[in-house]
Amino acid sequence: PRMPPCWPPSNRTCKQMAESVTIARPYAEALFRAAKESGNLAKWSGQVSLLGQVAANPEVREAIGDPNVAAPQLVDLFRSACGKAVDAELSNFIQLLSNNDRLGLLPEIGALFEGYKRAEEGTKQAEIVSAFPIDASQVKALVPQLEAVFKSRLEASVSVDPELIGGIKVIVGDQMLDASVRGKLDAMATALNN
């Protein structure tokens, strides 16, 4: 699965991010196997996403890193933040992560889980970068064309980058389709320099 880029540098270095993903992987794999065996991939996907959002909240991150906040308090914090979504299985998962001091890894666990889920479903994440905002109907029309190019089912996210000048750039895993004006200009400049 694609992880967030390390550049520009943030308060977490690339090495810390890599270590976090390495530590999160066994939890994500075990959770994915359990969810797949029980036939609850969609349910767990929603729950892990919710947990990741809770863990990414700056106040919750601060509580997780605070040595004065006891593990049972953190568990209660997550349970109350998740509301009615907390069933016995999710509660046990929160408790397991708390016991192992891994609640802070929930965003990474969620990203890995989603990557495993997409792979299981034969879907890849496509990042569409456009020079101008595009609406949902345009994305809906574009995705089947991109699926033919990349020979895979795609789940698309869209961002805007005016530096592209015009057109789009699509990134799927380690593949890139550059149909932007900036990309064409760069290609022409390279050809002229050679």
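Every number here is computed from the coordinates shown, using simple stated rules; none is lab data. Keep in mind that this is a model prediction, so the values were computed, not measured. Positions of Cβ are backbone-derived with ideal geometry, glycine not excepted, and every protein chain shown enters the neighbour counts.
Mind listing the long-range amide H neighbours of Gly166? Cut-off is under 5 Å, sequence gap 5 or more, other chains count too, H placed in the peptide plane at 1.01 Å from N.
For Gly166, whose amide H was placed from the backbone, the distant partners under 5 Å are Val181, Arg182.
Taking Cα pairs under 8 Å and at least six residues apart, what relative contact order does region 86-190 come out at, in percent?
It rounds to 25 percent for region 86-190.
So what are the ³J(HN,Hα) numbers for region 74-81, from phi and the Karplus equation (6.51, -1.76, 1.60; θ = phi - 60°), rounded to whole Hz, Gly and Pro as x?
Each residue's phi maps through the Karplus curve to give 5, 4, 4, 4, 5, 4, 6, 5 Hz.
Treat each spin label as a single point 7 Å out from the Cα along the C-beta direction, and report the Ser152 to Asn99 distance in nm.
Taking the two extended label points, one gets 3.6 nm.
Round to the nearest 0.05 the FRET efficiency obtained for Asn57 and Met188 when R0 = 41 Å and r is the Cβ-Cβ distance.
Given R0 = 41 Å and the Cβ-Cβ separation, E is 0.35.
Explain nothing, just compute: Karplus ³J(HN,Hα) = 6.51 cos²θ - 1.76 cosθ + 1.60, θ = phi - 60°, for every residue of region 171-177 in order, whole Hz, x for Gly and Pro.
10, 10, x, 9, 9, 9, 10
Using θ = phi - 60° and the Karplus curve 6.51 cos²θ - 1.76 cosθ + 1.60, what whole-Hz ³J(HN,Hα) does each residue of region 136-153 get, with Gly and Pro shown as x?
Result, rounded to whole Hz: 4, 5, 5, 5, 4, 6, 7, 4, x, 5, 5, 4, 5, 5, 8, 6, 6, 6.
Treating the angle as unsigned and between 0 and 90°, give the value, to the nearest 10°, between the Cα long axis of helix 88-99 and the longest Cα principal axis of the chain.
90
I'm spelling it out carefully: the read-out is percent of Cα pairs over 27 Å apart, the candidates are (1) 43; (2) 67; (3) 30, and one was derived from this structure. Which label?
(1)
Size of the dipole of region 131-194 about the Cα centre, Lys and Arg at +1 and Asp and Glu at -1 on the beta carbon, nothing else charged, in debye to 20?
Once rounded to the nearest 20, the dipole reads 180 debye.
Which one, Ala85, Leu51, Gln125, projects farthest toward the positive side of the charge dipole computed for the chain from Cβ point charges (K/R +1, D/E -1)?
Gln125
Using only Cα atoms, tell me the angle between helix 41-56 and the longest principal axis of the chain; keep it within 0 to 90° and round to the nearest 10.
80
How about region 129-177: which trypsin sites (Lys or Arg not before Pro) there lie in a loop by DSSP and see at most 14 other Cβ atoms within 10 Å?
For trypsin sites (Lys or Arg not before Pro) across region 129-177 that sit outside H, G, I, E and B with at most 14 neighbouring Cβ atoms in 10 Å, the list reads Lys151.
Only bridges with both residues in the chain count here: give the DSSP antiparallel percent, nearest 5.
Roughly 60 percent of the DSSP beta bridges within the chain come out antiparallel.
With a 10 Å cut-off between alpha carbons and a GNM built on the chain, which of Gly115, Gly104, Gly39 moves the most?
Gly39
Cross-chain or 8 or more residues apart, Cα under 23 Å: how many lysine pairs in the chain fit that? Count them up, please.
Final tally of qualifying lysine pairs is 15.
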